[in-house]
Each structure stands twice: as structure tokens, then as C-alpha cells.
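**Q** Structure below; questions to follow.
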Amino acid sequence: MSLAETVEGFAELVASGFVGLLGVSNHWAWRVERARALALGAGLPGYEVLQYQYSYLRPRADMPGRRSVDGSAGVASGDLLSYLRSSPGLTLVAYSPLLSGAYVRPDKPLGPEFSHAGTSARLAVLRSVAAEMGATSNQVVLAWLMGGELPVIPLVGASSVAQLEESLAAVDLELTADQRARLDSAG
């Protein structure tokens, strides 16, 4: 199926009332832009929500992904973030923002894609800010995502009431300008 056929098919779902808002997950940024340009050119609804893996720690972009030698299309990398900044009508939904517990659980190690100098620098600042705020690293990560210049909606899973309550408490956590600057500039 061509990209134009996909755009037309999604537009039919919106027109029929089956779908109210179009979103896409795990596509290369160029493909999202192409689909949105086709929709705009045809006067059809386009994607408004992008769902990608995104968190405070940055994975290496030079490692082949499971489906592509070019990396992982499912990770919000620099080109996708730049695209989001230039497209105010788009919203990022971040899945796995807490990296399956790796921020707070030693039994959940980070994968090889996080094996670089920036990871330890960012973790040190994250832990420092969490200590200053009397919060968990998870809560600071969620507050960082929600309070940034890009509209990010973290998609959080919980396997206990305590985990859910921890995540919900992040909604009320506000980072100072200094804390955000330190988090942003680390690593």
C-alpha cells in the first residue's frame, strides 16, 4: 500500500467518525512528514500525535535497530524532536519513559544503547535533582517530560498501586528553571 493510500484510508476513518484524532508510532521522521504533506496537499486530516520511545536518558543513535540498519525508528531521536519543535500542531506521546524501571531498580539494567558517557552524566544530575526535591528519579523524569518546551505526554505503565501513585505524584512536581537547565545540559 502506498503512503498516499494510507493517508486516504485514515481520512476515510476520520470522515466516518470511527477515528477522531490521527496518530502514528515508530515511523521515521521523513515518512511522517511525507504523510502529513500528502494529507495537507489533499485537504485531508493528517497525523496530530506521534508515539515514540522517549525518556530523559538518550540512547545511542549509531546502533542498528531490530528492523533497520539505520537504527530504531521507534526512538524519538534528534531529527524527530527537531521536527516536533518546528510543527506546533504535533504532540509527542512518550512510551517507556521510565525505561522499565531502570531509573530506580538495580535489577533492571539499561541496555547497550545507553552505554556511553552521556548516560552517567545525566544520571548523576537526575539523582541530584531528585534528592533536592525529595522525589524519586522516576518522578523527576516524568516532570521533566511534562514541563518541557515540547508537548510530551508520558505513557506510563504500573504493576502496583504504589507505582501508580508515584507516577501520579509527578504531575504536581515542578522543576525550577535552574534544575531544568541542569537536566537539559547534562551529558
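The values are calculated or read from the model by the stated rules, or taken from the named source; none is laboratory data. Quantities reported herein were computed from a predicted structural model and do not represent experimental measurements. Positions of Cβ are generated from backbone atoms using ideal geometry, with glycine treated the same way; all protein chains shown enter the neighbour counts. In case anyone asks, the SASA skips ligands and DNA or RNA and just uses the protein heavy atoms, side chains included. Shrake-Rupley method; radii C 1.70, N 1.55, O 1.52, S 1.80 Å.
**Q** Filter region 89-102 for residues that are part of a loop (DSSP other than H, G, I, E, B) and within 15 Å of G23 (Cα to Cα); which is most open to solvent (accessible area, probe 1.4 Å)?
**A** Selected residue: G89.
**Q** Continuing with this model, one more query. Report, by residue number, each residue of region 125-143 that is assigned to a helix (DSSP H, G or I) and open to solvent by 60 Å² or more (accessible area, probe 1.4 Å).
**A** Passing the criteria: R127, A131, E132.
**Q** Determine whether region 79-88 contains at least one residue that is in a helix (DSSP H, G or I), among the hydroxyl-bearing types (S, T, Y) and either over 18 Å from A61 (Cβ atoms) or out of contact with any helix residue (DSSP H, G or I) (no Cβ under 9 Å at 6 or more places or on another chain) (or both).
**A** Within region 79-88 (the criterion being in a helix (DSSP H, G or I), among the hydroxyl-bearing types (S, T, Y) and either over 18 Å from A61 (Cβ atoms) or out of contact with any helix residue (DSSP H, G or I) (no Cβ under 9 Å at 6 or more places or on another chain) (or both)), the answer is no, since none of the residues qualifies.
**Q** Would you be able to tell me the number of residues in region 144-187 that are assigned to a helix (DSSP H, G or I), touching a strand residue (DSSP E or B) at 6+ places or on another chain (Cβ under 9 Å) and of a type in the set (A, V, I, L, M)?
**A** 3
**Q** Mind listing whichever residues of region 12-29 are without any contact (Cβ under 8 Å) to a residue 40 or more places away in the chain and under 17 Å from P88 (Cα atoms)?
**A** L21, L22, V24 - these are the residues of region 12-29 that are without any contact (Cβ under 8 Å) to a residue 40 or more places away in the chain and under 17 Å from P88 (Cα atoms).
**Q** Among the residues of region 1-20, what is the count of those that are surrounded by 15 or more Cβ atoms within 10 Å (Cβ to Cβ) and part of a loop (DSSP other than H, G, I, E, B)?
**A** Selection size over region 1-20: 0.
**Q** Report yes if some residue within region 21-28 is part of a strand (DSSP E or B), out of contact with any helix residue (DSSP H, G or I) (no Cβ under 8 Å at 6 or more places or on another chain) and open to solvent by less than 50 Å² (accessible area, probe 1.4 Å); otherwise report no.
**A** Yes, there is a match, as at least one residue in region 21-28 is part of a strand (DSSP E or B), out of contact with any helix residue (DSSP H, G or I) (no Cβ under 8 Å at 6 or more places or on another chain) and open to solvent by less than 50 Å² (accessible area, probe 1.4 Å).
**Q** Enumerate the pairs (first residue in region 136-165 and closer than 17 Å to L57 by Cα; second residue anywhere and among the β-branched types (V, I, T) and in a helix (DSSP H, G or I)) with beta-carbon separation below 6 Å, excluding pairs fewer than 6 apart on the same chain, so at least 6 apart or on different chains.
**A** That search, which allows pairs on different chains as well, returns V140/V129.
**Q** Something else: Could you pull out the residue among R122, R105 that is basic (K, R) and open to solvent by less than 70 Å² (accessible area, probe 1.4 Å)?
**A** From the options R122, R105, the qualifying one is R122.
**Q** Could you run through region 20-42 and say how many residues are touching a Pro at 6+ places or on another chain (Cβ under 7 Å) and small (G, A, S)?
**A** The total comes to 1.
**Q** Then there's this: Only residues that are in contact (Cβ under 8 Å) with a residue 60 or more places away in the chain and open to solvent by 50 Å² or more (accessible area, probe 1.4 Å): list them for region 45-69, please.
**A** Q51, R58
**Q** Confirm whether V75 is open to solvent by less than 70 Å² (accessible area, probe 1.4 Å), among the β-branched types (V, I, T) and without any contact (Cβ under 8 Å) to a residue 12 or more places away in the chain.
**A** Considered against the rule, which asks whether it is open to solvent by less than 70 Å² (accessible area, probe 1.4 Å), among the β-branched types (V, I, T) and without any contact (Cβ under 8 Å) to a residue 12 or more places away in the chain, V75 comes out as no.
**Q** Quick check, is Y47 within 19 Å of the chain's Cα centre (by Cα), of a type in the set (F, W, Y), assigned to a loop (DSSP other than H, G, I, E, B) and closer than 27 Å to G157 by Cβ?
**A** So Y47 passes the test.
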